[in-house]
Amino acid sequence: MADIRCRRFSDILRTKEDHYPYSDRYISEVHDSSTKTGRTEREHMVEWFRANETKGSGSYSRQTPNSSARRCCNSLMNAASLLWIAEAVGIDELTVKIAYEAAVGAGDYRRACGAIRKIITWDMVYACV
């Protein structure tokens, strides 16, 4: 299975824009995480992936570090973050739009994340990095 280390993925995400249309729209119109680190999704995701290779701290602490960006991304429970990652790595706009609409229609955040992952898989993200 295609994978990359969390720290490497964090370094890639660090070079991306702070804002993209569909993730910003989801944040402003549907849901913004109250526990995100950083001012923007870029800052949040850079820190999220970087911290996964450590035991973390606070609400993000874990028993053992995780170096798999695939596992880290698949455990994200924030639809705006998943949309931001898709936009940041260059998933085509129509696919992101379809994923956004599926997330909005899904209801709660768990279903929204699942709806996005049915449309935008980790393998699609990986292929763009």
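Structure data summary
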read-out: Degrees, to the nearest 10: 109-119 long Cα axis against longest axis of the chain; value: 80
read-out: Cα gyration tensor category, rounded, prolate or oblate, for the stretch 60-129 with a/c compared to 1.5; value: oblate
read-out: Where a label projected 7 Å from the Cα of residue 75 along Cα→Cβ would reach, residues of the stretch 110-124 with amide N under 19 Å; value: 110-111, 113-114, 117, 122-123
read-out: Relative exposure of 39, 14, judged by other C-beta atoms within 10 Å (fewest first); value: 39, 14
read-out: Two-site label geometry, residue 50 and residue 19: point separation in nm, points 7 Å out along Cα→Cβ; value: 2.3
read-out: The stretch 6-128 - charge dipole about Cα centre, Lys and Arg +1 at Cβ, Asp and Glu -1, debye rounded to 20; value: 580
read-out: Approximate spin-label separation residue 30-residue 108, in nm, with each point projected 7 Å along Cα-to-Cβ; value: 1.6
read-out: Ascending count of other beta-carbon atoms within 10 Å, so fewest first, for 94, 82, 76; value: 94, 76, 82
read-out: Relative frequency of Cα-Cα separations exceeding 25 Å in the chain, percent; value: 16
read-out: Relative exposure of 16, 118, judged by other C-beta atoms within 10 Å (fewest first); value: 118, 16
read-out: Extension reserve of the residue 8-residue 123 stretch, reckoned as 0.36 nm per residue once the Cα distance is removed; value: 39.8 nm
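Every number in this text was worked out from the coordinates using simple rules, so none of it is lab data. Quantities reported herein were computed from a predicted structural model and do not represent experimental measurements. Note: ideal-geometry Cβ built from the backbone for every residue, glycine included; neighbour counts use all protein chains shown.
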